[in-house]
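Input: a single structure, listed below in structure tokens.
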Amino acid sequence: MKKHVVRIVGGDYRRTPIPVIEAAGLRPTPDRVRETLFNWLHHLWAGDFSQKRVLDLFAGTGALGFEAASRGVAHVQMVENNPAAVAALRALRSRLKAEQVRIHAGSAPMVLERLDHARFDLVMLDPPFGQGWLERLWDKLPAVLSQDGLLYIESEAPVAAPASFEILRLSRAGHVHFHLLRFAALQKKVNNPNTSELNKLKPGDAQEGMPSSIPF
């Protein structure tokens, strides 16, 4: 039987095959969808990925996270709780010598609780369908997003976003709906409540390191 693979679409690792292991709920993002997403990001970030920090909360095969690394982002944090998938991610990272990629074995909620003050310019959320993951994670996401940070979501139905998020782009490929949202909550200063708009940052302006307490 021919081994199932997907390939990185663009960037430094273009055409690199990514093996797809057999695992419940594992659904690699198709090439066409990844190409569309990164076209969106190229437009919104004016083609500059070099200072961006990315969190891939349900890494699976790593197709999304390695695509981001291939485009030249500064840091990719992958999270995956399937041991076989984690091993495959680490093997591919080693093969690519992708030092900007960190892989954490654990669940998305647990990692979100431990990220402390880390902030990301893009959080990617492609969870198993039909398990209510979005409802469980919405209130945890603002804590890890930079001001005006972006959130990518794949889901089985169109997403109804909370008021703190603005839907920028959305599309559909087969049964998969995919969305790009912006975290748009205002930052309020106690000493000057009228400066919240002036203090809104562009994506990439606020960069904070990963906490040293998380093992990789």
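The values are calculated or read from the model by the stated rules, or taken from the named source; none is laboratory data. Bear in mind that the values here come from a model prediction, so they are computed numbers and not experimental data. All Cβ positions, even for glycine, are placed from backbone atoms using ideal geometry, and neighbour counts span all protein chains on display. Surface areas here come from the heavy atoms of the whole protein model, side chains and all, with no ligands, DNA or RNA. Shrake-Rupley method; radii C 1.70, N 1.55, O 1.52, S 1.80 Å.
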Given the criteria at positive phi and modelled with pLDDT under 95, does ASP148 qualify?
yes
In region 14-37, what residues are surrounded by 20 or more Cβ atoms within 10 Å (Cβ to Cβ) and either at pLDDT 95 or above or more than 20 Å from ALA88 (Cα to Cα) (or both)?
VAL33, ARG34, LEU37
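Let's see how each residue does on (1) basic (Lys, Arg); (2) in contact with a Cys (Cβ under 9 Å, 6 or more places away or on another chain); (3) within 19 Å of ASP56 (Cα to Cα); (4) modelled with pLDDT of 95 or more:
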| position | (1), (2), (3), (4) |
| --- | --- |
| PRO109 | no, no, yes, no |
| LEU112 | no, no, yes, no |
| LEU115 | no, no, yes, no |
| LYS140 | yes, no, yes, no |
| ALA185 | no, no, no, no |
| ASN194 | no, no, no, no |
| ILE214 | no, no, yes, no |
Can you name every residue in region 50-95 that is surrounded by fewer than 24 Cβ atoms within 10 Å (Cβ to Cβ) and polar (S, T, N, Q)?
SER50, GLN51, SER70, ASN81, ASN82, SER94
Please find, within region 117-138, the residue that is nearest to the chain's Cα centre (by Cα) out of those that are open to solvent by 10 Å² or more (accessible area, probe 1.4 Å) and either among the aromatic types (Phe, Trp, Tyr) or closer than 16 Å to VAL101 by Cα (or both).
ARG119
Being surrounded by 17 or more Cβ atoms within 10 Å (Cβ to Cβ), in contact with a Phe, Trp or Tyr (Cβ under 7 Å, 6 or more places away or on another chain), of a type in the set (A, V, I, L, M) and within 21 Å of ILE167 (Cβ to Cβ): is that true of LEU145 here?
yes
Filtering region 7-57 down to residues that are outside any loop (DSSP other than H, G, I, E, B) and of a type in the set (Lys, Arg), which residue is nearest to ASP116 (Cα to Cα)?
ARG53
Scope region 148-181; condition over 13 Å from the mean Cα position of the chain (by Cα) and buried (at least 21 other Cβ atoms within 10 Å of the Cβ); matching residues:
PHE165
For region 127-155, give me each residue that is without any contact (Cβ under 8 Å) to a residue 60 or more places away in the chain, part of a strand (DSSP E or B) and among the small types (Gly, Ala, Ser).
GLY149, SER155
